[in-house]
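One structure is given below, encoded as structure tokens.
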Amino acid sequence: MFGVRGLLQALRRCSSAPCPKHAPVARLRVREALEARELTFDDVKVQGWVRSVRSQKEVLFLHINDGSSLESLQVVADPSLKYRDLNFGSAVEVQGKLLKSPHQKQNVELKAENIRVVGPCDTLMFPFKPREKHPLEYIRQFPHLRCRTNTLRSLLRVRSEATAAIHSFFQENGYVHIHTPVITSNDCEGGGELFQIETANKVKEPEGESHFFDVPAFLTVSGQLHLEVMAGAFTQVFAFGPAFRAENSQSRRHLSEFYMVEAEVSFTESLQDIMQVIEDLFKTATSTVLSRCPHEVEFFYKYVAPAQKGRLEQMLKNKFLTLSYTEAVDILKRAPQTFIFKPEWGQDLQTEHEKYLVTHCGEVPVFVINYPYDLKPFYMRDNDDGPQHTVAAVDLLVPGVGELCGGSLREERLHFLQSRLQRLGLLDTYQWYLDLRKFGSIPHGGFGMGFERYLQCILGVSNIKDVMPFPRFPHSCLL
């Protein structure tokens, strides 16, 4: 209480008599310093990590970066400010004047008056070296340090902007954002590749008490069924959250933990409506990322995937194509190449098939629609056709990746849904889902897009583990 009273008395004295004035120190991020238009900052503080040190007889040059920009800020200092711990990787705080640079390749530079080493770095032990382009295979060995490389810093800035762009697309088009559960009793995809949840004590003592939630609980593979609940109250909803698959694969295409973008649209009877939302989302979000992260994207096109720039330009300027599943299988059967998995009607399309179809169509994204009834989950709308029985499903195939999005019209007709759930022995499990068709049921549809595959698509990264902030491969890299 005494401290508060003393502070109030000091403020009153300052209001009645002039207090000593100190010129404020402008604390800038590196991006803000590089983009400064008015170079009148006489007292600037920049904090970050040293990317390079070059000491000459009469001048000391540093480049520091704080993660806000791919480009580093050049610091010019007197050699007397060179301290023993001032080296590559060390964390520093630099105070001085922001001036116009005499060099053509940079707009500004910071003339240092004081340099403080906040955290030293043992350059001999640090796994990354200055001016070296470390391959992704090498970087992957250091999951706790790899974010300090230009490659991962660029990737994570793109990832951040892509997240914001996707949210903006949905919000600007009137969608309501829903947080769907991470822990659920539902197996949305029906594949059985689920992580089951138990308490630590339950795992150690399997013969002990009943389930913590009274029923078996799993990490979600999709928020779609929960979004369908919300689609009965809001005409447009979306979710953007984590999903989990217990698929024990160490391939370049699979993750145990990933992020899913999902949306549901009510009062639609047209699969074309869902396809249009998918195409608009892809093109709008990608254009936003390219405009907000031009240097980061160019970094990937220069050092990681040189051919991706032209490929992405093709995707953005061309209308996405559409094939029926039956047409796709016919194209694959006539293909001059031999596939590992022989294409047959009624069989799922493999990655090799998907990539061939995209190439066959001129490296333009392709919607494949109307899949066989028995291939798809129970909630997809029955086309009630024949003799080849299909559902109103759609997959979007893109160059370099294969399947990016999957969606469908949802089965809103109660008797169709009851019949199928009964055949699958799921009638009791999904009684709540049937209730959605009893009380104000509406035609609707939706889709899901794997966020990491989307990043692979726009950046050209071949291994999906490399677009995650923290890799889950190999399993020993779990933090």
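Before moving on, here are some points about what is shown:
- For the stretch 73-102, trypsin sites (Lys or Arg not before Pro) meeting the loop criterion (DSSP other than H, G, I, E, B) and having at most 10 other Cβ atoms within 10 Å: 84.
- Helix-only [θ]222 nm of the chain, DSSP H runs n ≥ 4, -39500 (n - 2.57) each, per residue, nearest 500: -9000 deg cm²/dmol
- The C-alpha atoms of the chain define a longest principal axis, and helix 351-360 lies at about 80 degrees to it.
- Sparse packing (at most 15 other Cβ atoms within 10 Å of the Cβ) combined with a DSSP loop state is found for the following chymotrypsin sites (Phe, Trp or Tyr not before Pro) in the stretch 261-315: 267.
- Above 17 Å, the calculated P(r) of the stretch 127-167 contains 35 percent of its Cα-Cα pairs.
- Cβ-defined net charge surrounding residue 466, 11 Å radius [Lys, Arg +1; Asp, Glu -1]: +2
- Of the GluC sites (Glu not before Pro) found in the stretch 111-167, those that fall in a DSSP loop while having at most 12 other beta-carbon atoms within 10 Å are 132.
- The fraction of accessible area contributed by carbon and sulfur in the chain is 53 percent, rounded to a whole number (1.4 Å probe; ligands and nucleic acids excluded).
- Cα centroid separation, the stretch 234-305 to the stretch 306-331 (Å): 16 Å
- For the chain, the alpha carbon convex hull comes to 254 Å³ per residue, rounded to a whole number.
- Dipole size of the stretch 26-126 about its Cα centre, with +1 on Lys/Arg Cβ and -1 on Asp/Glu Cβ: approximately 160 debye, rounded to the nearest 20.
- Listed by chain and number, the lysines whose C-alpha is less than 25 Å from the C-alpha of residue 317, apart from same-chain residues fewer than 8 away, are 283, 302, 309, 355.
- Cβ charges +1 (Lys, Arg) and -1 (Asp, Glu), total dipole of the stretch 282-332, debye: 240 debye
- Comparing 322, 117, 434 along the charge dipole axis of the chain, the residue lying farthest to the positive side is 117, per the Cβ-charge model.
- Cα shape, the stretch 26-126, gyration tensor, a/c 1.5 rule: prolate
- For the chain, size of Cβ-based charge dipole, Lys and Arg +1, Asp and Glu -1, in debye: 2720 debye
- Cross-link reach list, lysines versus residue 45, counting only Cα pairs under 29 Å and skipping chain neighbours closer than eight places: 21, 57, 82, 97, 100, 105, 111, 129
- Cα-based shape type of the stretch 328-479, given that a ≥ b ≥ c are square roots of the gyration tensor eigenvalues and the cut on a/c is 1.5: oblate
The values are calculated or read from the model by the stated rules, or taken from the named source; none is laboratory data. These figures come from a predicted structure and were not determined experimentally. All Cβ positions, glycine included, derive from the backbone under ideal geometry; neighbour counts span all protein chains shown. What goes into the accessible areas is simple: the full protein's heavy atoms, side chains included, and nothing from ligands, DNA or RNA. Shrake-Rupley method; radii C 1.70, N 1.55, O 1.52, S 1.80 Å.
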